[in-house]
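So the structure is just underneath, and the comments pick up after that.
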Amino acid sequence: MTQKHRIQARFGQAAAQYDHHARLQQRIAQTLVARAGLTESGALLDIGCGTGWLLKHLAGRVPDARLIGLDLSKEMLATARHGWPCDAPSPLWLQGDAEALPLKSASVDTVVSSLALQWCEISRALDEIIRVLNPGGQALIATLVEGTLPELTRAYQTLDRPSPVNAFPSADALGALLDRMSAVEASCAIRWEREDHPELSGALAHLRGIGANTPLNDAPTRLPARRFAHAFKAASRGPGFSISYRVAYLTLHRLDRS
């Protein structure tokens, strides 16, 4: 099974319960779209739309926009379709890969993508976003960078085990990538986003419920449970068990060279 298929399967399995566990993801998505004004009309593409939560939020903010939801997982798209309000115009739902968007060049006015591009080869995904944007269009992106889930990493290190946390690009590497892109004007802000859970089971349920990382499914049984709980709590910054993401908030404006 390829990495893409593993990601597709992981999020497909998480689709039914995703929104129940995704409060932190929803907060990050709201922070993302609050960072810039959105076009009232035109085509708006959500890459990694998942259950459609962000598109529902945007439908209220930009009611005249033509919404497009794209996700790698057909199960996520089915959940999004099923949960879409019957009294609102339905978005165009597309199953597809952020690294090969099934859209024409210069066909979209706004792109949003919240916590999806960290599962991609980000340079390819950004190239595709720039390709489909109209001149003068903008992209709002939230993605994870190196340092994410430090509590989990430190807990595994305490137990002398390899961390299951994925390798995310460093903030410097992401900044250098943006600097090389001549077709856009880009800005990047790095912020920590955190959620605290009173019990270890809640923290792990959050990670499993959003399909964040396959190895976590077996973490409590493969590790000494009490030692793992103690190490995780010691590594947390809150009174309980913390989940911390280091988020890069990107704003890209496609330059109009006409």
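The values are calculated or read from the model by the stated rules, or taken from the named source; none is laboratory data. Since the structure is predicted, the reported quantities are computational estimates derived from the model, not experimental observations. Cβ placement follows ideal geometry from the backbone for every residue including glycine, while neighbour counts extend to all protein chains displayed. When the accessible area is computed, the model is the full protein with side chains, heavy atoms only, and any ligands, DNA or RNA have been set aside. Shrake-Rupley method; radii C 1.70, N 1.55, O 1.52, S 1.80 Å.
Checking the conditions here, which among 75, 40 is over 21 Å from residue 247 (Cα atoms) and within 17 Å of the chain's Cα centre (by Cα)? Break it down stepwise before answering.
Numbers: 40 fails: within 17 Å of the chain's Cα centre (by Cα).
After applying the criteria, what remains is 75.
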* To do: Run residue 175 past the list (1) surrounded by 15 or more Cβ atoms within 10 Å (Cβ to Cβ); (2) within 30 Å of residue 60 (Cβ to Cβ); (3) without any contact (Cβ under 8 Å) to a residue 24 or more places away in the chain and report the number of the one that doesn't hold.
  => (2)
* If you go through segment 178-199, how many residues are open to solvent by 30 Å² or more (accessible area, probe 1.4 Å) and assigned to a helix (DSSP H, G or I)? -> 1
* Please work out if residue 128 is surrounded by fewer than 16 Cβ atoms within 10 Å (Cβ to Cβ) and either modelled with pLDDT of 95 or more or closer than 27 Å to residue 255 by Cα (or both). => no
* Asked: Do you know which of the residues in segment 139-170 that are among the small types (Gly, Ala, Ser) and either open to solvent by less than 30 Å² (accessible area, probe 1.4 Å) or over 19 Å from the mean Cα position of the chain (by Cα) (or both) is farthest from residue 48 (Cα to Cα)?
  -> 155
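Answer yes or no: is there a residue in segment 124-143 that is in contact with a Pro (Cβ under 9 Å, 6 or more places away or on another chain) and over 30 Å from residue 64 (Cα atoms).
Start the filter on segment 124-143 by keeping residues that are in contact with a Pro (Cβ under 9 Å, 6 or more places away or on another chain), which leaves 143.
Right, trim to over 30 Å from residue 64 (Cα atoms) and you get none.
The answer is no, given that none of the residues of segment 124-143 is in contact with a Pro (Cβ under 9 Å, 6 or more places away or on another chain) and over 30 Å from residue 64 (Cα atoms).
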* Structure fact -> For segment 47-103, the count of residues that are in a strand (DSSP E or B), over 17 Å from residue 139 (Cα atoms) and open to solvent by 50 Å² or more (accessible area, probe 1.4 Å) equals 3
* Identify the single condition in (1) out of contact with any Gly (no Cβ under 8 Å at 6 or more places or on another chain); (2) at negative phi; (3) open to solvent by 20 Å² or more (accessible area, probe 1.4 Å) that residue 136 does not satisfy, given that it satisfies every other one. => (2)
* Asked: From the set of residues in segment 35-46 that are of a type in the set (A, V, I, L, M, F, W, C) and crowded, with 23+ Cβ neighbours inside 10 Å, which is nearest to residue 122 (Cα to Cα)?
  -> 45
